[in-house]
Amino acid sequence: MYKVFLSQNERLDEVATLGLKGSWTYLVNPSREEREKVSQAAGIPLDFLEYPLDEEESSRIEFSDEGILVIIKIPVIRGEAYDTIPLGIIITDDLLLTVCLEDGMLLQELARIKGFYTFKRTRFLLHILYVTSMLYLRYLRLIDRRSEAIRCELQRSTRNVELIRLLDLGKSLVYFTTSLKANQIVMEKLLRSHLLLDPGLEVQTRFIKMYEEDRELLEDVITENKQAIEMGDIYTTILNSTMDAFASVISNNLNIVMKFLTAITIILMIPTMVTSFYGMNVPLPGQQSPLAYLGVLGASGLFAFLSMLFLRKKNMF
């Protein structure tokens, strides 16, 4: 699926013409025929449209004479799990294209930004980077709230379901921090190339021209991304500490239960031992007495009671 948008009269309108100058082509998991059609209309290599469709593709920048491909990782929600997928941003002389596997929050968030124009390609790229950083921060806060709710449930009852949910959140945090650090490298490379005015980057500076406002915006985006990385590291540390703490609690609870059961076994073993002696088919003291049965029960109860007092003194209960 693909859509073409164009900024007109302070609005973002959908148009039907592919390859229109100053337009934005928004592709979501396009078919082979759609990729070939867009590639031919935009005059870009077909590989640029296929690289972002690989879920394992890493964040990077690739140059060619036809344009620049910037791949970053964006966060997505899949049910109760959080994950990251590649987003390809292709910039040419006249067009800007984005390629992604899923239709997430990107379009809605970009539409809310003031001063967002499809023909301002560099600013468009920076807005995408900014929105991506904001989405990471938002989802990280959601993960923290969800993990806090699970911790409260674990305090009431320790079940495998809550522990598995915490493990899933920990996996999501690992994906987030790894993707954020890869995105950080891409952003710093964009900033560094324009600040240093490297003469070997004619292709990049041809398609991505930054003014002072753009550089300030990129620096703000880098700052937000660093904040997201720090938040991800902090939440990961807290979650790992929580998992370790609850593992210790579970182990301690198991030890308490086993200690209690051991004490009960010892107490119950004493009456069993006494009655076993008097159940043997040999002459025993007091076996002719009519009170022998009561004596055996009394002795068993007395020994069990004394054992219980001794074990309680040793904190076995």
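The values are calculated or read from the model by the stated rules, or taken from the named source; none is laboratory data. Everything quoted here is computed from the prediction, not taken from an experiment. Using ideal geometry, Cβ is built from the backbone for each residue, glycine included, and neighbour counts are taken over all protein chains shown.
Would you point out which residue out of 125, 87, 140, 110 is within 16 Å of residue 26 (Cα to Cα), within 18 Å of the chain's Cα centre (by Cα) and buried (at least 20 other Cβ atoms within 10 Å of the Cβ)?
Going through 125, 87, 140, 110 in turn, just one is within 16 Å of residue 26 (Cα to Cα), within 18 Å of the chain's Cα centre (by Cα) and buried (at least 20 other Cβ atoms within 10 Å of the Cβ): 87.
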**Message:** Can you pull out every residue in region 53-102 that is touching a Gly at 6+ places or on another chain (Cβ under 7 Å), of a type in the set (Ser, Thr, Tyr) and assigned to a strand (DSSP E or B)?
**Reply:** 98
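Just a yes or no: is a residue in region 168-188 modelled with pLDDT under 85, assigned to a helix (DSSP H, G or I) and in the same structural domain as residue 69 (by TED's automatic domain parsing)?
In the first step, residues of region 168-188 are kept if they are modelled with pLDDT under 85; the result is none.
Within region 168-188, not a single residue is modelled with pLDDT under 85, assigned to a helix (DSSP H, G or I) and in the same structural domain as residue 69 (by TED's automatic domain parsing).
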**Item:** Every residue from region 31-52 that is under 18 Å from residue 19 (Cβ atoms) and not in a helix (DSSP H, G or I)
**Value:** 43, 44, 45
**Prompt:** If you go through region 129-188, how many residues are within 20 Å of residue 86 (Cα to Cα) and polar (S, T, N, Q)?
**Reply:** 8
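Here's the yes/no breakdown for (1) at pLDDT below 90; (2) surrounded by 15 or more Cβ atoms within 10 Å (Cβ to Cβ); (3) over 23 Å from residue 190 (Cβ atoms):
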| residue | (1), (2), (3) |
| --- | --- |
| 23 | yes, yes, no |
| 41 | yes, yes, yes |
| 60 | yes, yes, no |
| 66 | yes, yes, no |
| 73 | no, yes, no |
| 80 | yes, no, yes |
| 96 | yes, yes, no |
| 116 | yes, yes, no |
**Request:** Specify which of the listed residues (14, 56, 50, 36) is exposed (fewer than 15 other Cβ atoms within 10 Å of the Cβ), among the acidic types (Asp, Glu) and closer than 30 Å to residue 173 by Cβ.
**Result:** 56
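Going through 205, 132 one at a time, which residue ends up being β-branched (Val, Ile, Thr) and at pLDDT 85 or above? Write out each step before concluding.
Working: 205 fails: at pLDDT 85 or above.
None of the other options fit; the residue is 132.
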